[in-house]
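Here's the structure we're looking at; comments come further down.
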Protein chains: 2
Amino acid sequence: MNDRGPYAEPVDMLIVNGTVLTMDAYDRVIENGSVAIKDARIVFLGGAHAIDHTHANDVIDARGGIVMPGLINTHTHVPMTIFRGLADDLPLDAWLNQHIFPAEAAFIENQNVAIGTQLACAEMLLSGTTCFCDGYFLEDQVAREVFKSGMRAVLGQGVIDFPAPGVPDPRDNIAAARRFVEMWCNQSALIQPAIFCHSAYTCSAETLRAAKSAARNLGVLFQVHAAETSHEAGMIQSGQGQSPVQHLSRHAILDANTLLVHGVWVDDDDIAIVKDSGAAVSHNPESNMKLGSGIAPLPKYLAAGIPVGLGTDGCASNNDLDLLAEMDMTAKLHKVTLLDPSTADAHTVLKMATIEGARAIGLDSQIGSIEKGKQADLIVIDTQKPHLMPLYDPVSHVVYAARGSDVSDVMVAGKVLVRNRSLTTLDWEDIRERVKALQAEIAAFNNRNRC
Amino acid sequence: MNDRGPYAEPVDMLIVNGTVLTMDAYDRVIENGSVAIKDARIVFLGGAHAIDHTHANDVIDARGGIVMPGLINTHTHVPMTIFRGLADDLPLDAWLNQHIFPAEAAFIENQNVAIGTQLACAEMLLSGTTCFCDGYFLEDQVAREVFKSGMRAVLGQGVIDFPAPGVPDPRDNIAAARRFVEMWCNQSALIQPAIFCHSAYTCSAETLRAAKSAARNLGVLFQVHAAETSHEAGMIQSGQGQSPVQHLSRHAILDANTLLVHGVWVDDDDIAIVKDSGAAVSHNPESNMKLGSGIAPLPKYLAAGIPVGLGTDGCASNNDLDLLAEMDMTAKLHKVTLLDPSTADAHTVLKMATIEGARAIGLDSQIGSIEKGKQADLIVIDTQKPHLMPLYDPVSHVVYAARGSDVSDVMVAGKVLVRNRSLTTLDWEDIRERVKALQAEIAAFNNRNRC
């Protein structure tokens, strides 16, 4: 509100009657707040009386719930939703070599990548994720489906020194990634192409350098798995005489446009290297836990001032894409690791899933907080439920009590993609039937393979 | 099915068209199964063609979802739902002394215990819990509300050597517990009274012995917090020259009717003592994580053959009563602790939340599995959702992907308490309004107290 009375410009959408967690630099929380959206952006926010509600084309009533920035998943492999729960509780070798790799070889082609991506987008939207950072193969197909869904994403075409779906000859891997980036760099404001170089144990130093060089020339994010397991760290140490982070640093892979995924097996020297490079980290606790990989030293990354986002990893190792559950897990895991209940407090973890996640993937000027001028990527959490009452602290509730199913409404760039828990851009009945048909094929294959 | 054709006795209820996880001794899974219920019990189960569906008064169609035993929460303090999220991320001392204890002193009286219990029952039912084991004060009020809800419970009146709600003079604590047990021991088939002796650090050896003696004479379960924090273990070690488990053992507290809650700070000798005594353990990983207490050696308890159930603990340290989330956390926590993805596999964890939980609280002859003759405590999980598709392994889905909100129907002793996600015995609108009013009072008190 100012001297001229309430904001009364005509807008496309108003979200009213919610506790607005802005996640801005001042951590402003607006009780009974309203957010006005026009042309994909947030144009005004304030208390209920600061905006004239009669000038909106559409209104979402948060009914006393929580309005917050959409959640940002900084690492996943969306086509792998088709393998959700295919193989669990197995040693890493058996899981990968007897189940996941054979299933990928048999089923990862464009049509199934499309189905898996649609399924992932449906799941993510219905649990409050508005933006994700993906890395896989046939990423062009992923991009087409994400584009149709209306979600925002950073999509990395995979680079690996083995034959891969869509790249049968690994000598083409950099060129394929470059082609993908060039194709998508101006297609949509919502899709940022990227390069996803699998890891230092599956890519030679030459491949890593060439892929990073391509990403640098094209001005896109470079994602790489790093220091996920002790086995990997030991392998690189024995082959290169260095830790995974040192190895990447020596080959000039680390800079402010690099996202290190996992970063579990690092020491203080590695963390200092990451900090000095400006690189960011994607922390994927549920996947690291389920695969028995280890616990990344999150408090040390944060103390060093390294941008850290949260990631679910792919569905085969989680088994979901639910960032609300991931936040709860993150906060609790690090408390018990340090035997300190004040570690990884709810506010810090919520930042990781919003503004810090945006920073980690280079989108913090556009998304991650509710601020005037930023993209309208917002969600509403319905708190009128037994497990969300009473409500003393909305940040605590988001991290420790809310579930994906509590997200009632989701908006990306001002477009409503979930309204009152219904998907608006995705045809769930159609996706469901196609997933069921594919499930039957994959189950039969996996059972044959097991025998 | 037998020679005489399908089962065709008239029954009260049929649940059809689900994958039935029996959790029986053979771990039978019945695809497209039906379960018939009459007079509170399961009278038949089998494939779709083994039961004549025309002889049922009522039918629940699981629509291809999962039918399984209701979840069993082996440790909670239900009235504490009114403090959900009141204080988080604080050192244990500040959390207890500056927030929880003052709030309990100010607000724990019969009317608020009733509200908190109703809220807890609503939350538990809507997330698939059919039976819980509680320990608190004013437990008579808890019992009255649980009775009205239709849930099954083991309810322990608290014993502690300090003034407590309803027991201002601790010299009356054993007599009060005895009165509670005598009042409730024949009131309802669904409510088993018990004695909840707070801990060895808040109760003298005399109190522990007297409380256990009362429980033994009355033939009821004896619950006790034990070895939750290193501070507690150190205190008892320095005061008694023994570990908490050794101390309880020396005073003859441990037997097959004793439930040790937490059991985090134990060594191999303690585990051998627990095993030899026949006592059971309630494992509460989320609470132990959130309070930074430590990680109980679950794999060692299981290897020793000790019955271990899952518990959420109270809402002030979790912050929910959701056993589906607790299962996911349990499986992942122990994998990463041992760096072994095969630890705490989904099937083992699901048993902890069902039949092993029942065993831990002495109810395994009545509940915990779907078997002919057992009580009809059942839930249906709706799997027609993006995060539960595809479905290769229903056990994996229950542990790693399902959420409380996926529970569509809940039955206790043959009575439907949740139908298609609506509570049938609890008036949610009324509970909600009363929780809101109480929330305002508690928030004002907590804010004053903080200043």
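Filter the range A:36-90 for residues that are of a type in the set (D, E, K, R) and away from chain B (no Cβ under 14 Å); which is farthest from the chain's Cα centre (by Cα)? By that ranking, first place goes to A:Asp52. Note on the range B:7-45: residues that are assigned to a strand (DSSP E or B) and on the phi < 0 side of the Ramachandran plot amount to 25. When the criteria are applied in full, A:Val59 fails the requirement of being outside any loop (DSSP other than H, G, I, E, B), touching a Leu at 6+ places or on another chain (Cβ under 9 Å), hydrophobic (A, V, I, L, M, F, W, C) and within 22 Å of A:Val398 (Cα to Cα). Can you tell me which residue is surrounded by the fewest Cβ atoms within 10 Å (Cβ to Cβ) among those in the range A:205-247 that are of a type in the set (D, E, K, R) and in a helix (DSSP H, G or I)? The selected residue is A:Glu206. Beta carbons closer than 6 Å, at least 6 apart along the sequence or on distinct chains, never pair a first residue in the range B:66-95 that is outside the structural domain of B:Ser149 (by TED's automatic domain parsing) and within 22 Å of A:Val395 (Cβ to Cβ) with a second that is part of a loop (DSSP other than H, G, I, E, B) and not aliphatic (A, V, I, L, M). Right, B:Gly65: crowded, with 24+ Cβ neighbours inside 10 Å and more than 25 Å from B:Ser365 (Cβ to Cβ) or not? Yes, satisfied. Here A:Arg421 meets the list (1) under 28 Å from A:Leu86 (Cβ atoms); (2) out of contact with any helix residue (DSSP H, G or I) (no Cβ under 8 Å at 6 or more places or on another chain); (3) of a type in the set (Lys, Arg) almost entirely, failing just condition (2).
Taking A:His99 as the residue in question, decide whether it is surrounded by fewer than 24 Cβ atoms within 10 Å (Cβ to Cβ) and closer than 30 Å to B:Leu391 by Cα. Yes, satisfied. For the range A:260-278, a residue qualifies if it is more than 23 Å from A:Ile195 (Cβ to Cβ) and either modelled with pLDDT under 95 or crowded, with 24+ Cβ neighbours inside 10 Å (or both), and exactly one does: A:Trp265. Restricting attention to the range B:395-407 and to residues that are within 17 Å of B:Asp320 (Cα to Cα) and not small (Gly, Ala, Ser), the residue that is nearest to the other protein chains (Cβ to nearest Cβ) turns out to be B:Arg403. Based on this model, can you work out whether B:Tyr392 counts as surrounded by 20 or more Cβ atoms within 10 Å (Cβ to Cβ), among the aromatic types (Phe, Trp, Tyr) and within 11 Å of chain A (Cβ to nearest Cβ)? No, not satisfied.
Inspect the range B:369-381 for any residue being within 14 Å of chain A (Cβ to nearest Cβ) and under 20 Å from B:Ile60 (Cβ atoms) and give the result as yes or no.
Yes, the conditions are met somewhere in the range B:369-381.
At least 2 residues being farther than 26 Å from A:His283 by Cβ and over 17 Å from the mean Cα position of the chain (by Cα) is the threshold, and among the strands (runs of 3 or more DSSP E) wholly inside the range A:359-433 those reaching it are A:407-412, A:415-419.
Restricting attention to the range A:295-305 and to residues that are surrounded by fewer than 22 Cβ atoms within 10 Å (Cβ to Cβ) and in a loop (DSSP other than H, G, I, E, B), the residue that is nearest to the other protein chains (Cβ to nearest Cβ) turns out to be A:Ile295. Return yes when B:Ala194 is over 21 Å from B:Glu123 (Cβ atoms) and buried (at least 24 other Cβ atoms within 10 Å of the Cβ) and no when it is not. The answer is yes for B:Ala194.
If you go through the range B:41-62 and keep only what is touching a Pro at 6+ places or on another chain (Cβ under 6 Å) and crowded, with 21+ Cβ neighbours inside 10 Å, you end up with just B:Ile51. A count restricted to the range B:248-294 and to residues that are among the hydrophobic types (A, V, I, L, M, F, W, C), closer than 25 Å to A:Pro285 by Cα and either part of a strand (DSSP E or B) or more than 14 Å from chain A (Cβ to nearest Cβ) (or both) stands at 0. Checked against (1) touching a strand residue (DSSP E or B) at 6+ places or on another chain (Cβ under 8 Å); (2) under 26 Å from A:Phe44 (Cβ atoms); (3) hydrophobic (A, V, I, L, M, F, W, C), A:Leu391 passes all but condition (1).
Restricting attention to the range B:315-357 and to residues that are of a type in the set (Ser, Thr, Tyr) and in a helix (DSSP H, G or I), the residue that is farthest from the other protein chains (Cβ to nearest Cβ) turns out to be B:Thr330. Hey, could you check the range A:117-165 for residues that are β-branched (Val, Ile, Thr) and more than 15 Å from the chain's Cα centre (by Cα) and say which is farthest from the other protein chains (Cβ to nearest Cβ)? Taking the candidates together, the pick is A:Val159.
Of the residues screened, A:Thr130 is one that is among the hydroxyl-bearing types (Ser, Thr, Tyr), buried (at least 24 other Cβ atoms within 10 Å of the Cβ) and either in contact (Cβ under 8 Å) with a residue 60 or more places away in the chain or more than 16 Å from A:Ile82 (Cβ to Cβ) (or both). Would the range B:93-115 turn up any residue that is at the interface with chain A (Cβ under 10 Å from one of its Cβ atoms), among the polar types (S, T, N, Q) and either closer than 30 Å to B:Leu21 by Cβ or out of contact with any Leu (no Cβ under 7 Å at 6 or more places or on another chain) (or both)? The answer is no, given that none of the residues of the range B:93-115 is at the interface with chain A (Cβ under 10 Å from one of its Cβ atoms), among the polar types (S, T, N, Q) and either closer than 30 Å to B:Leu21 by Cβ or out of contact with any Leu (no Cβ under 7 Å at 6 or more places or on another chain) (or both). Regarding the range B:387-397, can at least one residue be identified that is among the acidic types (Asp, Glu) and farther than 28 Å from B:Ala413 by Cβ? Yes - at least one qualifying residue is present in the range B:387-397.
The values are calculated or read from the model by the stated rules, or taken from the named source; none is laboratory data. Note that this is a predicted model, so its numbers are computed, not measured. Counting neighbours? That spans all protein chains shown, and the Cβs are built from the backbone with ideal geometry, glycine included.
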